[in-house]
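Each reported figure results from applying straightforward, stated rules to the coordinates on display, with no laboratory input. Computed from a predicted structure; not experimentally measured. As a convention, Cβ positions derive from the backbone with ideal geometry for all residues, glycine included, and neighbour counts pool all protein chains shown.
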Amino acid sequence: MDEPVLKSPVEPHGDHLIPASRNSRGLTLDPTHLIEVNHRRVDFQALQSLVGTSIVHADQLSRELVVELSKFAALLEVTEIASHHPLDGKLVVTAFFEASTRTRLSFESAVLRLDGKIVSVPDGKVTGIAKGESLSDIGEMFNTYGDLVVIRHPDESSVGELASGLTLPLINAGNGCDAHPTQALIDWYTLLKWRPELSLPEPTPGKKIRIGLIGTPGVMRSVNSFLALSTMFAQHIEKVTVITDQSDAVTPEGASFPIELTDELEPNLSDFDVIYMNSITYRDEAYERLGSRYKLNADSRLKESAVILHPFARSDELHPSLDRTTHNLYFAQAAGAVFLRQALLIAVLDRVSHLPPSLLLLTTV
Amino acid sequence: MDEPVLKSPVEPHGDHLIPASRNSRGLTLDPTHLIEVNHRRVDFQALQSLVGTSIVHADQLSRELVVELSKFAALLEVTEIASHHPLDGKLVVTAFFEASTRTRLSFESAVLRLDGKIVSVPDGKVTGIAKGESLSDIGEMFNTYGDLVVIRHPDESSVGELASGLTLPLINAGNGCDAHPTQALIDWYTLLKWRPELSLPEPTPGKKIRIGLIGTPGVMRSVNSFLALSTMFAQHIEKVTVITDQSDAVTPEGASFPIELTDELEPNLSDFDVIYMNSITYRDEAYERLGSRYKLNADSRLKESAVILHPFARSDELHPSLDRTTHNLYFAQAAGAVFLRQALLIAVLDRVSHLPPSLLLLTTV
Amino acid sequence: MDEPVLKSPVEPHGDHLIPASRNSRGLTLDPTHLIEVNHRRVDFQALQSLVGTSIVHADQLSRELVVELSKFAALLEVTEIASHHPLDGKLVVTAFFEASTRTRLSFESAVLRLDGKIVSVPDGKVTGIAKGESLSDIGEMFNTYGDLVVIRHPDESSVGELASGLTLPLINAGNGCDAHPTQALIDWYTLLKWRPELSLPEPTPGKKIRIGLIGTPGVMRSVNSFLALSTMFAQHIEKVTVITDQSDAVTPEGASFPIELTDELEPNLSDFDVIYMNSITYRDEAYERLGSRYKLNADSRLKESAVILHPFARSDELHPSLDRTTHNLYFAQAAGAVFLRQALLIAVLDRVSHLPPSLLLLTTV
């Protein structure tokens, strides 16, 4: 079968459309631009490769998958699909052995708005999972409860251990310091909506971006996964500067763009087009703050067009005085999270075919 | 558009009707009387003012809204509407930063029976919300997850802080010592079902009620909100007596009925038509008992027709020996809670139009 | 009305059928054999006696009910029924005053896959139920929230106390050391799928089974309930050997098969056809391990055809080296749990009539 395309134009103000943005402050993004720049085509055939697949690490994805998932998410963001119940009959287990309200609710909202069901372990500490029960046994248990497992766990090894008993696909929602692939997908989905030309195979001359990454690769899963996806968009990236005060910070080997390591934020700040901040990691069963001396506020000397991403929660490293500025891309980033996760869930659970025909008027090219 | 009215008579024993009362002991109330006394009319037009509105304090309501919400709740209480799925596609966030099984489950049951969805923060202490994350940031997060937020929080300032980041309507389910407006709506819904003539603009001669309020205004949110709604029904109230052993108890200024403060229960007890009891408040992050020396049991010298309201949970101030007496209006009060909350949710979420036509045979007067 | 029977043959490979087993390791069972050996008949009339009934103890059931529930569960296990929404409009309260992820999620998955709704108390310790609130008051509260209550509680007396305020049916999901009837139903459902002839009124000559029960009756609710159901299948049982190191272990009086008590596992091990293991009990508000010196692994001298049941969670008494052997019936036991609970819920909530006609082509014999 040939590549399916979207036949009918996306009408941004039709009856079935919802507001393109839900964030109340900062930049708002119009997802239709990402669809337009790609000639209104979403390659649902490419997404077929995700059916039944576990999403463990960002580096198992490809540039193509990131782009197609983002275009699909953009479609979902501008279309009312709840009344079509695309996940009817599907049940997702959200197993948060490390509690995280933000990520758990984002996944649960994504599922429920598609009329899927949820059974939830909101906090491993208080749910009566007997001390010492193996994750492999828990995986075997989940096989009979649902169709997909979303797991967050403080240990890096947890995902592999759960998978050893699991026949269902799983989505890694953060395992220790290792990986957080859906966060990275959300980050890049946000960047692709912000600069739709980043979704194209070839860079636009003079439009390469400089990224400042305030965080510590190696101990921050969000940073790790963001860098892993960034290598897939190397042709659009001039340089990545990693700002950290940790002496043992390691940068990824084989990164396909220039990458430099520094412990100084100020000298570089005005160079960056995109600043990615993160100050919290989860290590040794507790949240820990790193790099707390790097702070941004409305008086920081940012490039006028610079945008800031932050996976949240934030502490005082990112001052609320920035919230009402156009540097604030972080609220738009949060607002897009549910739609990217919906795109991924629909793809993995093989329910593209349940979407409304108005969304999926597919034809052979 | 003119005021819509209910055209078809409410048939209390039709196929689509459910038992009028679900409480197993004490007085049971027939909600149809409240509808009858109002000539079978519900002014859905008046409820339009609630669409998209946050419900923060009891005093933002009016007598008319309390009466129309109560009549609407009475309709819901005698009609099977689950199969009409009036909240299909709507998602409510129940954010209980202060845990409360009773109130959380009441809201969740109200939503789910209308086929809405729930994402839940059952307990702020264990859900991984990072210490120090602002409620404003949490509000911004909720914007993308749902259509309405129900919040309970131990701090008075919490509702305003959450609202500063929120574009969704919220319902205050209790903020510190301040307010608990839906509890007060439930209290008055119960009184209007008990004495339907209280719903009329003019008092019935000789039928004014004496209220004894065992509790401490100023530190008890339920008591505060009950008093706030009571002022809207002043024409039906002869006097309110507040019984408290707290020296710093304050009574509301500008109350539109006679109000007296005392620390003695016994001398007044046999005068009261309605006794409202509450002994628990939540102060300084812990439950605290006040007025524990005021106790009622089946031997208390109550007026024969007197009824007792209590928002529950109770301790030993309200003895179970009263449960099987006709003084027990508190179980009927609990039984009506879900329906009042459903009426409010349907109004705020603008889903009156999704109700079954048999319920809503509206016509122009 | 006469006994309804299943008219159309169960086609194990039809379009509407799902894989007969979901466990990834150990024995897998084909539920159709249990239906075949009973001439494709399910006596739904017999299940009528469960409508609105509370399930408190295993001994309130009968052999006939266990067999019919198991046959019904087998039908559910091989049929796709989620799209028929048989519990639409029904709301189940899962009240786990003693936290248990395994049992709670099993019930919630059972309900949600039938399109029922759930409100949940996942852990009595953290849900804000005020210390000292009586279970009777909580029962009165639940009356207005749902249609059925699933309760787990660390105290034996809890079920009776809750029921004293409850007008809804309840299902006991474990009360202290007393009873866990749905676990016992799952255990026997597994045995009936494993040896379908155990479901017949008369024993097959030479096929009586020897059961080794590693556990302590009297303090282990799962063991108590398993023994209670076993007495209903006495004609198929040659002997039960109870292996325990507790001096105060008591065996049930009036058991209708030979029963012996020993503290030695090894001498008897190779005699058993079925080994039921449990090492954990919940006593005095904490999990406690008993009989930890009895251990099985792949080198244990088991009869070649012997199968092991275990209600899980396990500790080191049951070594993972057994997982890939044909002695492992415990993963199949876990995999069947959801379907047995669905059969019970549909029966108690009177929703047999909502099942797909293809499943229920009933006729008069």
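Taking amide H as placed 1.01 Å from N in the peptide plane, B:Ile259 has its amide H under 5 Å from the amide H of B:Val240, each at least 5 places away in sequence or on another chain. Highest average first, the peptides A:295-303, B:66-74 ordered by how many other beta carbon atoms sit within 10 Å of their residues are B:66-74, A:295-303. For A:Asp271, inter-copy separations between label points set 7 Å beyond Cα along the Cβ vector come to 8.2, 8.2 nm, shortest first.
Close amide H partners of B:Leu213, meaning residues 5 or more places away or on another chain with modelled amide H under 5 Å apart, are B:Thr241, B:Val242, B:Ile243, B:Tyr276.
Per residue of peptide C:139-149, the mean number of Cβ atoms on other chains within 10 Å of the residue Cβ is 6. Between C:Thr325 and C:Glu253, the C-beta separation translates, for a Förster distance of 35 Å, into a calculated FRET efficiency of about 0.45. When B:Tyr189, C:Tyr282 are arranged by Cβ crowding within 10 Å, least crowded first, meaning fewest neighbours, the order is C:Tyr282, B:Tyr189. Expressed to the nearest 5 percent, the antiparallel share of DSSP beta bridges inside the stretch B:164-282 is 5 percent. Considering all C-alpha pairs of the stretch C:126-197, those separated by over 20 Å amount to 40%.
Counting only Cα atoms, the protein assembly as shown measures 88, 87, 54 Å along its principal axes, largest extent leading. Determine, from the Cβ-Cβ distance of A:Glu36 and B:Ser83 and an R0 of 35 Å, the FRET efficiency 1/(1 + (r/R0)^6), rounded to the nearest 0.05. It comes to 0.25. For C:Val121, the amide hydrogen comes within under 5 Å of the amide hydrogens of C:Thr94, C:Ala95, C:Phe96, counting only partners 5 or more places away or on other chains and with H modelled in the peptide plane.
Using only side-chain charges placed at the Cβ, +1 for Lys and Arg and -1 for Asp and Glu, the dipole size of chain C relative to its Cα centre rounds to 800 debye. Exposure proxy shown here: for B:Glu108, A:Glu202, the number of other Cβ atoms within 10 Å sets the order, fewest to most, as A:Glu202, B:Glu108.
What is the mean projected area of the alpha carbon convex hull for the stretch A:168-247, to one decimal in square nanometres? Intermediate results must be reported in sequence, preceding the final value.
Details: hull surface 25.0 nm².
That works out to 6.3 nm², a quarter of the Cα hull's surface.
Taking θ as phi - 60° and the Karplus parameters 6.51, -1.76 and 1.60, the scalar couplings of the stretch A:87-92 work out to 9, 3, x, 9, 10, 10 Hz in sequence order, x denoting glycine and proline. Per residue of peptide A:212-219, the mean number of Cβ atoms on other chains within 10 Å of the residue Cβ is 0. Shielding of peptide A:94-106 by partners, expressed as the average count of other chain Cβ atoms within 10 Å per residue Cβ, is 4. DSSP finds beta bridges in the stretch B:212-365, and of those with both partners inside it, around 20 percent are antiparallel. Couplings 3J(HN,Hα) of the stretch A:59-67, computed from phi: 6, 7, 8, 10, 3, 4, 5, 4, 5 Hz, in residue order, whole Hz [Karplus 6.51 cos²θ - 1.76 cosθ + 1.60, θ = phi - 60°; x for Gly and Pro]. Rounded to the nearest 20, the size of the Cβ-charge dipole of the stretch C:189-304 about its Cα centre is 380 debye, with Lys and Arg at +1 and Asp and Glu at -1. Expressed to the nearest 5 percent, the antiparallel share of DSSP beta bridges inside the stretch B:275-365 is 50 percent. The alpha carbon centroids of the stretch C:288-357 and the stretch A:164-202 are separated by 37 Å. Starting from the label point of B:Glu238 at 7 Å along Cα→Cβ, the same points in the other copies fall at 8.4, 8.4 nm, in ascending order. Across the identical copies, the 7 Å label point of A:Gly132, projected outward along Cα→Cβ, sits 3.8, 3.8 nm from its counterparts, in ascending order. Pairs from the table (B:Lys71/B:Lys117; A:Lys71/A:Lys239; B:Lys193/C:Lys90; A:Lys90/A:Lys208) lying more than 32 angstrom apart at Cα are A:Lys90/A:Lys208. Simple spin-label estimate for C:Glu156 and B:Arg301 gives 4.6 nm between the two label positions (7 Å along the Cα-to-Cβ direction from each Cα).
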